[in-house]
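Notes follow the structure.
The values are calculated or read from the model by the stated rules, or taken from the named source; none is laboratory data. Given the structure is predicted, the values throughout are model-derived calculations rather than measurements. Don't worry about glycine lacking a Cβ; one is built from the backbone with ideal geometry, like all the others, and counts go over all protein chains shown. Just so you know, the surface numbers come from the protein's heavy atoms only, side chains and all, with ligands and any DNA or RNA stripped out. Shrake-Rupley method; radii C 1.70, N 1.55, O 1.52, S 1.80 Å.
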Amino acid sequence: MYLSPRHAEIIQMAKDQGRVLVDDLATHFNVTPQTIRKDLNDLCDQRLLSRIHGGALFPSGIENMEYEARRKIAADEKEAIGLAAARLIPDNASLFINIGTTTESVSKALLDHAGLMVITNNINVANRMRIYPSIEVVIAGGVVRGSDGGVVGEAAVDFIRQFKVDYAVIGASAIDHDGALLDFDFREVKVAQAIIANARHVILVSDRTKFERTAPVRIGHLSQVNTFITDRCDIPSVRKICQEAEVQLIETSLS
């Protein structure tokens, strides 16, 4: 789905400020309040914003955004993160790729690699990479979530535990300022924990909007990963954790 320039700017303003108000937006864009109300209704219908009286909120809290909506948030940043992660992974490596829109950006950036063995619980990743003869794709079994094509559950956990790979690429729905990595689905979290435990080098990929969100289920802690790739990290406590735990922090907006 296409976002108009005004819609994209409204999303960015809501992301920066936490909320947007009809009257303020009407003044900013020099349009009528009725036009802005329609814009907000359209964006809320797509689950990009949450409607409140007189305006809208940027989605946060325990309600996860729909998959297609999440794909649109910070799309350029996710692409840059994906390219940075792909540069760390050599040809002929074995790796896990977990569920998430940012991990999918990594899978896209890996398509020019040769000799990869990719184990994934993400149907979208498997479908993208399977047509490349130089990449072997192994997909986990388990319950398939209709919302995003993620394979979750105990069967997927047992499957992941059969492997010990060179790299793991994981994401998170939220990153707390104390370094906790958080998600919404406890079944997905169990798979992510198995992935972390069975990889020699764990790469966390996440754009800075994840610092602004929260989620109820704990995956683990930032100190458990080897490399953290984000577009920008402005959270002093997170930077301190990376330094003390010797986590390589890569900020793509600075490169």
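Out of E244, E188, one residue alone is acidic (D, E), more than 23 Å from A74 (Cβ to Cβ) and either open to solvent by 10 Å² or more (accessible area, probe 1.4 Å) or at pLDDT 95 or above (or both). It is E244. Restricting attention to the range 138-179, the residues that are open to solvent by 10 Å² or more (accessible area, probe 1.4 Å), farther than 22 Å from I81 by Cα, touching a helix residue (DSSP H, G or I) at 6+ places or on another chain (Cβ under 8 Å) and not in a loop (DSSP other than H, G, I, E, B) total 4. Can you find a residue in the range 173-191 that is touching a Leu at 6+ places or on another chain (Cβ under 8 Å), assigned by the TED database to the domain that holds A84 and without any contact (Cβ under 8 Å) to a residue 40 or more places away in the chain? There is at least one residue in the range 173-191 that is touching a Leu at 6+ places or on another chain (Cβ under 8 Å), assigned by the TED database to the domain that holds A84 and without any contact (Cβ under 8 Å) to a residue 40 or more places away in the chain. For the range 194-219, a residue qualifies if it is open to solvent by less than 10 Å² (accessible area, probe 1.4 Å) and free of Cβ contacts under 8 Å to residues at least 40 places away in the same chain, and the qualifying residues are A194, V202, L204.
Determine, yes or no, whether V106 is outside any helix (DSSP H, G or I) and either among the aromatic types (F, W, Y) or modelled with pLDDT of 95 or more (or both). Criteria not met by V106.
The numbered conditions (1) within 16 Å of the chain's Cα centre (by Cα); (2) part of a helix (DSSP H, G or I) are all true for R239 except (1). Cβ-Cβ distances below 6 Å connect the following pairs, each with a first residue in the range 34-55 that is within 16 Å of I73 (Cβ to Cβ), a second residue that is surrounded by fewer than 16 Cβ atoms within 10 Å (Cβ to Cβ), and a separation of six or more residues or different chains: C44/R51; R47/E66.
Residues in the range 105-124 that are within 20 Å of D185 (Cβ to Cβ) and open to solvent by 10 Å² or more (accessible area, probe 1.4 Å): 2 in all.
Condition check for L182 on (1) out of contact with any Pro (no Cβ under 9 Å at 6 or more places or on another chain); (2) surrounded by 19 or more Cβ atoms within 10 Å (Cβ to Cβ): one failure, at (1).
Being open to solvent by 40 Å² or more (accessible area, probe 1.4 Å), closer than 29 Å to R208 by Cα and not small (G, A, S) is the requirement here; does N127 meet it?
For N127, the condition - open to solvent by 40 Å² or more (accessible area, probe 1.4 Å), closer than 29 Å to R208 by Cα and not small (G, A, S) - is met.
Just checking, does the range 81-91 include any residue being under 29 Å from R47 (Cβ atoms) and either at pLDDT below 95 or not in a helix (DSSP H, G or I) (or both)? Checked the range 81-91: no residue is under 29 Å from R47 (Cβ atoms) and either at pLDDT below 95 or not in a helix (DSSP H, G or I) (or both).
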